Every structure is written in structure tokens, then in C-alpha cells.
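Undergrad: Quick one: structure below, then a few questions.
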Amino acid sequence: MNHRFLVSASGLIVLIAGMLLPTMPAAGQATSAAAKTNGTPAKPYTQPRTPDGQPDLQGFWTNTTYTPLERPKDVNKEFFTQEEALELIKKAAEVEGEQTEPGTILDVHYDFTQFGLDRSQGGFSLNLRTSMIVDPPGGRIPPMTAAGQKRAAERAEARKRMGAATDAVQNQSLSVRCILMDRDGPPMLAGAYNNNYQFVQIPGYVMILVEMLHDVRIIPLDGRPQMPQNVRQMMGSSRGRWEGNTLVIETTNFTDKTAFQGASENMRLTERFTRVAEDTMRYQFTVDDPATWAKPWTAETPWKKSIGPLFEHACHEGNYGLYNTLAGARAEEKRAAEGANKPSK
């Protein structure tokens, strides 16, 4: 048995604090440590190279984080202190371990601590930012345009016409149906578990294997154009290039069903991957969708080196959860109908 599964959430946070606090860079700093050792400045980090001379991002990474996409409304600063961040992580890990909120992401469907799914049980980079969003400075997604609001209302009305989520499989979300999840992206955002990725590079291509749903992103780097506008995909059409030491991936051609944070199918997403230390990669993404927001917005989060391999995540293979959700709803309807038809005493 892996003994890390036996460590309590609070105890593990203390362990993490002991490992990270002495080496954490200043808040918001994304470069390798430049602290002096015996009076001699540390050398700037030099990225390793692949045989064809490109920056080497290969290996296994995790984007696990406790930092929310948007800054909480009761927080009015850009960075937490290390003590504040660790206290928030400790409280969140304790909630995950307790499994006391049925019906939420912490549903008793999972036993996080038994299977090592509590986020604090895996590797993650301590991020002092109060939000992933770095622009606009307020740390929140810009207000929607009138067109974006109209589309959001139309989507809400369409969902109402479809009926309750338990009326049909098609009424369930893409994530519940194991079609697309936030870890798959793009952009690739951490969830409660399965936040691991494998990068493989060959001349002309980068492959990103996503642990969640076992999806694979294959990004050509040869300058080919995007797919025709009439060809749409859930994960869009991605094309990559190198800008110095940064891998830049631009993705377009999404579907209307993708709708990241309410975006339109014409959203343009630009991702940037930069290795800033042997065990750390900075992940940035910019969302540009004039049909939804008045201005583009950008988010950033550190990824940490992880240990492979990635095992296949088949999601609905042998999983009766979706069937049982609908079957349970039908049983409740039948019971209600029978109760209504009973003669009163």
C-alpha cells in the first residue's frame, strides 16, 4: 500500500509547508530561484533541449491547484501570504477528506482519501495568487457584452425546453456524459482529481495525453492553416509554434456546445507553456471572444513535474451512475404517481 494515502489532509499540509516554504519565490515570481548560495548568485535556469533543438517539455506534469479561476468576491488583493495560502489549502483538504457534502463535487460517490484523490495527496505547486486570472487586474472574467448575455439567456431557455436533467441522457452535461471535462480543455483547468498530463515531442508535433477521459491532443507545429470554418470540434482545432522558449498553441473552430465559461463557438484560445524550472512549467491562456466579452482575458497557473505512467481513465466503462440517475428519477415518478392514485381514507 502507498503510505501517502494514510496521511491526514492536515498532516500532509504541514509536510508540504515544510518542503515549500523555504524555497518558494516571492509572490507572483515565475522564474527559477535566484537566491544566493555562499555569496554566489545561482545560475539562471536553462531549459533542456530535444534532439532537434526545441525546448524540452516532455514528461509528466500535474496542474493540481487550490487557486480558483476567479478571485473570490470577499478577497481584494492579488496575492495571499504563504501562511494564508497554506491555511486555505488545509481547510479545503479537510473538507475533501471528510466527504460531508452529498450532491456536490465532494459527493460520497468518491472516497477521496482512500484512492488518493484528495488534491493535497498529490504533487502541486503552491500558488500565492488569489485567482488564476491575471488580466484584467481584478482577477475576474470581464462582464459579458449584450450579445453574450442574449446568447446565455437563449441557452438557458433551451435547457428549460429540454426538461429536467434526469429526463434524458442528452440533458446531462458534457462532463457527466464523459464527453468533455475541464481537464481536457482547452484551456486545461484542474479539477478535483485526474489532473495529470504527459507531453511527448517529435519534430513537427507535440502530443499532450490528458489523464481525464484519456483524451489526446496532437498539435502540429509545421505552420499549416487551421481547419475550414465549417469543420467544428468539441476541443477545437489547435496549431502550435515556438516563440523563443515558449510553446504557443492557438485553438479555434470550437462548437456551440463547448461554450467555455459561456463563450461562443468563435472563441480564439491562445495557450502558452514555458518551463521555468526543472520541475515547474508556467501555463498561461488568453480567451479572445468579442462575441461574448468586451475584452480578452488571461489566466496563469504553475504546473508541477509528476511521475508517470498515466493509466487509462475510461470514465463510463462499467459505470452505472448515469443509468441509475435516470432510473432513479423514473422510480420516483412512478412512486409519486401511485401515491396520487391511491384512494383517500
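The values are calculated or read from the model by the stated rules, or taken from the named source; none is laboratory data. Just so it is clear, the structure is predicted and the values come from calculations on it, not from any experiment. Every residue, glycine among them, receives a Cβ derived from its backbone with ideal geometry; neighbour counts consider all protein chains shown. Side chains are part of the model used for accessible areas, which takes the heavy atoms of the whole protein and leaves out ligands, DNA and RNA. Shrake-Rupley method; radii C 1.70, N 1.55, O 1.52, S 1.80 Å.
Undergrad: Just the residues that are open to solvent by less than 20 Å² (accessible area, probe 1.4 Å) and more than 20 Å from the chain's Cα centre (by Cα), please, taken from the stretch 241-269.
TA: Selection gives ASN253 alone.
Undergrad: In addition: Identify the residue in the stretch 303-345 that is among the aliphatic types (A, V, I, L, M) and in a helix (DSSP H, G or I) and, among all such residues, is modelled with the highest pLDDT.
TA: Kept after step one, since they are among the aliphatic types (A, V, I, L, M), are these residues of the stretch 303-345: 307, 310, 314, 322, 326-327, 329, 331, 336-337, 340.
Filter once more, so that each one left must be in a helix (DSSP H, G or I): 322, 326-327, 329, 331, 336-337, 340.
Numbers: LEU322: 80, LEU326: 86, ALA327: 89, ALA329: 89, ALA331: 93, ALA336: 90, ALA337: 88, ALA340: 80.
Restricting to residues being among the aliphatic types (A, V, I, L, M) and in a helix (DSSP H, G or I), the top hit is ALA331.
Undergrad: Name the pairs whose Cβ atoms lie under 7 Å apart, with the first residue in the stretch 34-49 and closer than 18 Å to ASP279 by Cβ and among the charged types (D, E, K, R), the second at pLDDT 70 or above and surrounded by 10 or more Cβ atoms within 10 Å (Cβ to Cβ), and 6 or more positions between them or separate chains?
TA: ARG49/PRO55; ARG49/ASP56
Undergrad: Report yes if some residue within the stretch 220-228 is under 21 Å from MET181 (Cα atoms) and open to solvent by 30 Å² or more (accessible area, probe 1.4 Å); otherwise report no.
TA: As a first pass, look at the stretch 220-228 and keep what is under 21 Å from MET181 (Cα atoms): none.
Within the stretch 220-228 (the criterion being under 21 Å from MET181 (Cα atoms) and open to solvent by 30 Å² or more (accessible area, probe 1.4 Å)), the answer is no, since none of the residues qualifies.
Undergrad: Would it be correct to say that VAL210 is β-branched (Val, Ile, Thr), open to solvent by 10 Å² or more (accessible area, probe 1.4 Å) and either more than 27 Å from PRO290 (Cβ to Cβ) or at pLDDT 95 or above (or both)? Working first, answer last.
TA: Values: β-branched (Val, Ile, Thr): yes; open to solvent by 10 Å² or more (accessible area, probe 1.4 Å): no; either more than 27 Å from PRO290 (Cβ to Cβ) or at pLDDT 95 or above (or both): yes.
Considered against the rule, which asks whether it is β-branched (Val, Ile, Thr), open to solvent by 10 Å² or more (accessible area, probe 1.4 Å) and either more than 27 Å from PRO290 (Cβ to Cβ) or at pLDDT 95 or above (or both), VAL210 comes out as no.
Undergrad: Would you pick out the residues in the stretch 50-69 that are under 24 Å from TYR205 (Cβ atoms) and touching a residue at least 24 places away in the same chain (Cβ under 8 Å)? Write out each step before concluding.
TA: Start the filter on the stretch 50-69 by keeping residues that are under 24 Å from TYR205 (Cβ atoms), which leaves 50-63.
Hits for the stretch 50-69 are THR50, ASP52, GLN54, PRO55, ASP56, LEU57, GLN58, GLY59, PHE60, TRP61, THR62, ASN63.
Undergrad: Give the residues of the stretch 327-345 that are open to solvent by 90 Å² or more (accessible area, probe 1.4 Å), of a type outside the set (S, T, N, Q) and more than 42 Å from the chain's Cα centre (by Cα), sorted by residue number.
TA: Scanning the stretch 327-345 gives GLU338, LYS342, PRO343, LYS345.
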